[in-house]
Each structure stands twice: as C-alpha cells, then as structure tokens.
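Below is the structure I would like to discuss, written out as structure tokens.
Each value in this text was obtained by applying a stated rule to the coordinates, not by laboratory testing. Note that the structure is a prediction, hence the values are computed from the model and not measured. Counting neighbours? That spans all protein chains shown, and the Cβs are built from the backbone with ideal geometry, glycine included.
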Amino acid sequence: MALLGYDIYSDSLDVLDLKSTKTINTINPHSYCTAKKDDEFMKALKESDVLLPDGIGIVWAERVLNGRKINRIAGYDLFIFLMNHLNETSGSCFFLGASEETLSKIENKLSVDYPNVKVKSYSPPYRPSFTEEESMQMCDEVNKLRPDVLFVGMTAPKQEKWVHNNKNRLEATTICSIGAVFDFYAGNIKRSSQFWISLGLEWLPRFLKEPRRLAKRNLVSTPSFIFEVLKTKVLG
C-alpha cells in the first residue's frame, strides 16, 4: 500500500532479506518535501529496494492515510542491525563518505564493538557532485573489498542520487545511504537520548542545538508535509 506515492517498508528489520536487497534508503518529511522539487532524488527513493520510515511524521502519515500502524526505523537502527548481523556472520562492510578523520574514528570503534567484521573505507572529494572519473575511483575502492554491506554517508540527497546512478557497477550485496549515522557513531555529533527517541521527538534536542541549520527541515518541511497529508486525507 503506497504512501503519497512511495512504498514504505512496514516489517521489522529481522525479516529483511539481505540476500536480495540491493539498495536501502530512508524517508522522512523533509526528504519527501525535498524530493517534490528534485525529480532525480524522487526517482532514487521510489526505486529503492527497501524504503525505511525514518521519521515519526511518516509513521503518523501511514496511520492517517492507510490506517496502518508501523514502527519508525531510523538509519542508526539499520546500521546497528546490520553490524550485529555482520559480526555474527564474519561479514564485511565498507564506509564511503565523510572525512578521513571521521572514518578513522569509525574504524577504531568498530574494531572494538564488532571485532569479527572486516572494514574498509574511502573518503571522496567534498563537493556537491562528482566527475565520472571520481565516481569510478569510488566504485573501484568499494569493489576491491566487494563488501556484504556498503554504507554511504554523503548527506541527502547527494548520497541517494549517487547510489542510484552507480549501483549497477558497485560490487556490494547491500547498499545503504545513512547520512548522519557516520557522525553519530564516530562521536562527532551526539544522538538524542532514548527518552526523546521514545517520545518521537528525536529531532527536538538537535533543533535546539542547531536551530539555524535545521530550521528549514523542522519549520518549513514538517508543516508542509502535515498539510500535504491532511489535504490528501480530505480530498483523496
């Protein structure tokens, strides 16, 4: 059952078929509103193999429009689930994105938390888009490992669009665009406490700390999304 044109994943991560799942993305009210103005981003989201409801607004909209109760699955939840799976199966993963300093922090922490996982990483150039040569270099670095899971952290919508354009030449079983998770796990940014997460208000402490950076997301996209849902509910 589609939600505003998107097929939202509604099961638990425990039943996720990792063998046949190529791309996993997340959607929240802000990415929904961004995609309305970015056809390439919309296409990348709609053609995901799995699109996770990362945002209490998506959970609310699913209930209002489809009468279906689903659980929010954040990018960080996906990351922890996959790392536990890889640790149990002695799998491999690759981190593409972020600075070399951040990647070093991630690898050092992973060696303690998930000692059975083989980990490699690559820091691409920091720019809005990549040349064909740069994209090929990124793919080549990933393909040297041929990881079970490729984590891409280059911020939305750049990461989703890059994966969509390059997924067929990436030799990774599962590809996940998880953005801020790189900074969360590295300790660069502190994730909101479980108290706020349980209330569905994980966004609030982050907004209070960085109101200017997150104003568009919380003060523009969220009201716009709510209006869209209510309009759809009333007008069909």
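Given the pairs LYS19/LYS69; LYS19/LYS167; LYS109/LYS190; LYS118/LYS158; LYS118/LYS190; LYS46/LYS120, which span a C-alpha to C-alpha distance of over 19 angstrom in this model?
Beyond 19 Å: LYS19/LYS69; LYS118/LYS158; LYS118/LYS190; LYS46/LYS120.
Restricting to DSSP loop positions (anything but H, G, I, E, B) with no more than 12 other Cβ atoms inside 10 Å of their own Cβ, which chymotrypsin sites (Phe, Trp or Tyr not before Pro) remain in segment 108-151?
Here the sparse-neighbourhood loop sites are TYR126.
While we're looking at this one, here's another question. Rounded, prolate or oblate, given the Cα gyration tensor of segment 21-130, with a/c below 1.5 counting as rounded?
oblate
Sticking with this one: Enter the per residue convex hull volume of the chain, computed from alpha-carbon coordinates, in Å³ rounded to the nearest integer.
Details: hull volume 30.2 nm³, N = 236.
It comes to 128 Å³ per residue, whole-number rounded.
Between ASN143 and GLU40, take the C-beta separation as r, use R0 = 22 Å, and let me know the FRET efficiency to the nearest 0.05.
After rounding to 0.05, the efficiency reads 0.40.
For the chain, set up a GNM with springs between Cα atoms under 10 Å and report which of ARG146, ARG191, ARG63 has the largest fluctuation.
Result: ARG63 has the largest fluctuation of those listed.
Here is a follow-up. So, in nm, how far is label ILE226 from label ASN188 when the simple model puts each one 7 Å beyond its Cα toward the Cβ?
3.2 nm
Also, quick follow-up: Would you list the membrane-span-like helices of the chain, meaning whole DSSP H runs whose alpha-carbon atoms span at least 20 Å along their axis and whose mean Kyte-Doolittle value is at least -0.5?
Within the chain the helices that satisfy the rule are 75-89.
Find out how many positive minus negative residues lie around THR26, taking Lys and Arg as positive, Asp and Glu as negative, among other residues whose Cβ is under 11 Å from that of THR26.
-2
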